[in-house]
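This report concerns only the one structure given below.
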Amino acid sequence: MKNIDSKLIEALRAKHVAGEPVKVLFVCLGNICRSPAAEGLMEAVVATHGDRHNWVIDSAGTGDYHIGDLPDRRMRAHAARRGYDLTHRCRQISVSDFFDFDLIIGMDESNLRNLRRLAPTVETEQKIMPMSAFFDDTRHYDYVPDPYYEGAEGFELVLDLLQGATENLYNAIATN
Ligand code: 4NP
């Protein structure tokens, strides 16, 4: 993993050490493919570490096309094959999310641009980070590509990237 030189991550490490819940919101465009997968994988990571009570994990979309829907059936099928049950209901990000969450993670550059535009204050804008900050150095990607118009390989790629990134995110905040 890249060396994450981030005041935000440092602050969240301190919060975790103090036993306060770390609140993470994953964001993509539709909130039916990438961000609900990131949410489900992160839930699994914290559960594996016996650390569920120290985290609030959610996801949202910048768009409003699928509000109330379960994740895309292709995303659910690919995730299920790896043992993840994705049950999130699609919702659109709101201004209050920028105050309620500590860390707001965008999947690609377009998501990040939208998040910066929507952030209500300078302080809340500083909560935004790219998912790629947590990729392994060996990955040949610098964003999580939108799989919506892709085939099976697009969904597998998203899960590969997110499995590594969620584990690295956990380790960046929760380990010494
Ligand atoms: P996501 O994928 O941003 O990873 O949830 C998409 C899902 C739906 C649409 C676009 C991207 N859409 O245009 O409906």
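Worth pointing out:
- Rolling a 1.4 Å probe over the protein heavy atoms gives the chain an accessible area of 48 Å² per residue.
- Charging the Cβ of each Asp and Glu at -1 and of each Lys and Arg at +1, and nothing else, the dipole of region 34-176 about its Cα centre rounds to 280 debye.
- FRET efficiency estimate (nearest 0.05) - Cβ-Cβ, residue 148 to residue 15, R0 25 angstrom: 0.15
- With all protein chains in place and a 1.4 Å probe, the accessible surface of the chain carries 49 percent carbon and sulfur.
- Alpha-carbon centroid distance for the pair region 81-104 / region 1-78, whole angstrom: 6
- Based on DSSP H segments of at least four residues, each scored -39500 (n - 2.57), the chain has a per-residue ellipticity at 222 nm of -13500 deg cm²/dmol.
- For region 1-128, the relative contact order works out to 29 percent when only alpha carbon pairs closer than 8 Å and six or more residues apart are counted.
- The chain shape via C-alpha gyration tensor axes, a/c threshold 1.5: rounded
- Each peptide in 128-135, 52-59 was scored by the mean count of other Cβ atoms within 10 Å over its residues; highest first, the order is 128-135, 52-59.
- Only Cα pairs under 8 Å and 6+ residues apart enter the sum, and on that basis the relative contact order of region 67-136 stands at 28 percent.
- Unit charges at the beta carbon, dipole of the chain: most positive-side option, 68, 163, 135: 68
The values are calculated or read from the model by the stated rules, or taken from the named source; none is laboratory data. Since this is a predicted model, take the numbers as computed values, not measurements. Glycine also receives a Cβ, built like all others from the backbone with ideal geometry; neighbour counts cover every protein chain displayed. The accessibility values were calculated without ligands, DNA or RNA, using every heavy atom of the protein model including side chains. Shrake-Rupley method; radii C 1.70, N 1.55, O 1.52, S 1.80 Å.
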